1. Among (1) outside the structural domain of residue 418 (by TED's automatic domain parsing); (2) surrounded by fewer than 18 Cβ atoms within 10 Å (Cβ to Cβ); (3) in contact (Cβ under 8 Å) with a residue 40 or more places away in the chain, where does residue 328 come up short?
2. Any residue that is in a loop (DSSP other than H, G, I, E, B), in contact with a strand residue (DSSP E or B) (Cβ under 9 Å, 6 or more places away or on another chain), over 30 Å from residue 244 (Cα atoms) and at pLDDT below 85 - is there at least one of those in region 335-343?
3. If I filter region 213-229 down to residues being within 28 Å of the chain's Cα centre (by Cα) and without any contact (Cβ under 8 Å) to a residue 24 or more places away in the chain, which single residue comes out as surrounded by the most Cβ atoms within 10 Å (Cβ to Cβ)?
4. Return a yes/no flag: does region 425-444 have any residue that is at pLDDT below 90 and either under 26 Å from residue 350 (Cβ atoms) or in a helix (DSSP H, G or I) (or both).
5. Please determine whether any residue of region 397-416 is surrounded by fewer than 19 Cβ atoms within 10 Å (Cβ to Cβ) and under 30 Å from residue 49 (Cα atoms).
6. Which condition from (1) closer than 18 Å to residue 20 by Cα; (2) surrounded by 17 or more Cβ atoms within 10 Å (Cβ to Cβ) is the one that residue 193 breaks?
7. Please tell me if residue 366 is more than 33 Å from the chain's Cα centre (by Cα), farther than 19 Å from residue 428 by Cβ and part of a loop (DSSP other than H, G, I, E, B).
8. Somewhere in region 142-157, is a residue at pLDDT 95 or above, within 18 Å of residue 244 (Cβ to Cβ) and not in a loop (DSSP other than H, G, I, E, B)?
């Protein structure tokens, strides 16, 4: 997990060429609280509308959100909806000079009617498609192929987002793939729900979902053995280098040609909507591979990005920072919150890149009590991530005397890490945390009110533009009081 985090942090702005079916996705939201008296159907009282880049447009928006650059190749109608789609792509930084405008073919629109109950709990009720999927003239296909060849000169990956709407055909798609492979550019394909993958002959990697893979292979996927059979049939049909079958809550099955497959498990997700998840998977794969990732790394990242996509409603791109945040969260879940200074500084850089406010506090935290918990909850509310510096045992002895600490540093760190309000715990050996504070440079430094006028690191934090916050202490709660009480009760031979 740490390798993926470091790799994502070092990722530049890889360039991707993208050809596919560009569409406009519209969401019409409304309250749905009654039945039409004229017919047994719900009534939707519209309250707002939203538009998104759809299909290949969604992949383009995702690539851009992930920090990549994208050259778009496809067709868009010479109409107001086409203008809206191009404006959104341009606003995100997409390169649209190779999107062909056709006056005789309207922009494809998918309109989803979404019902709300008391303005909450969105539920898709109906989708309305407006499209013309009749064959395109040869002149248009020739123009699209020329546009792809032009894009290959400075792009590291070719993405094909096929919704079977006419841009990619059985005749032209193999030619486009051959052009890319001849130029040394790998080709990633997100196929539609069709039975014959012959049009993708020679591609690098296919990314069907479970149902698409079953349709194309004729294999019902129930276990890893059936995954392997389906993958082999798809690879054979497309003469592909490999396939990634996305399997919703099961994860993804990666199978290179002629080699054993591997099931990569997914994290449990709360699914709001699956629209756009496949687009996000393709986008992350392309950005990762264009950036130099191997297939295992790319698929692992794609599973994270796709999982984030289904947790939101609507076609909303997942950003690079969101992927990094999720990777960091999963790392903490696997390895805990107690980190080394090098790991901490890596996390600080990631948090800063995401605009997060970093809070630092420190102490011995020997025999954790309610006063500590109140104090740490207060500290966490001062920003977005709380780092707790814990004095090592030797440091505690220097500050508190030879009989302290009562609880060893590893146990103290583990107990602190169990608190929900604490994001990271780091143990320091020095008598004071000054070097740690200078390394982290927190936005907020929190200490108890009893440290007023003597806060270690205050000068350094304020000089860097940060602030110092003093927390009120809870009366009658201290480790010293607890030790004195224990000594009083048990120090004279009491059981």
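The values are calculated or read from the model by the stated rules, or taken from the named source; none is laboratory data. Quantities reported herein were computed from a predicted structural model and do not represent experimental measurements. When we count neighbours, we look across all protein chains shown, and the Cβ atoms used for this are built from the backbone with ideal geometry, even at glycine.
1. (2)
2. The first filter runs over region 335-343 and keeps only residues in a loop (DSSP other than H, G, I, E, B), leaving 336-337, 339-340.
Going one step further and asking which of them are in contact with a strand residue (DSSP E or B) (Cβ under 9 Å, 6 or more places away or on another chain), we end up with 336-337, 339-340.
Of the ones still in play, those that are also over 30 Å from residue 244 (Cα atoms) are 336-337, 339-340.
Cutting the leftovers down to at pLDDT below 85 gives us 336.
The answer is yes; a qualifying residue exists.
3. Narrowing region 213-229 to residues within 28 Å of the chain's Cα centre (by Cα): 213-214, 221-224, 227-228.
From the residues that got through so far, the ones that are without any contact (Cβ under 8 Å) to a residue 24 or more places away in the chain too are 214, 222-223.
Values: 214: 17, 222: 8, 223: 9.
Checked region 213-229; the qualifying residue surrounded by the most Cβ atoms within 10 Å (Cβ to Cβ) is 214.
4. yes
5. Taking every residue of region 397-416 in turn, none turns out to be surrounded by fewer than 19 Cβ atoms within 10 Å (Cβ to Cβ) and under 30 Å from residue 49 (Cα atoms).
6. Exception for residue 193: condition (2).
7. Working: more than 33 Å from the chain's Cα centre (by Cα): yes; farther than 19 Å from residue 428 by Cβ: no; part of a loop (DSSP other than H, G, I, E, B): yes.
Taking the combined requirement at face value, the residue does not satisfy it.
8. For region 142-157, residues at pLDDT 95 or above, within 18 Å of residue 244 (Cβ to Cβ) and not in a loop (DSSP other than H, G, I, E, B): present.
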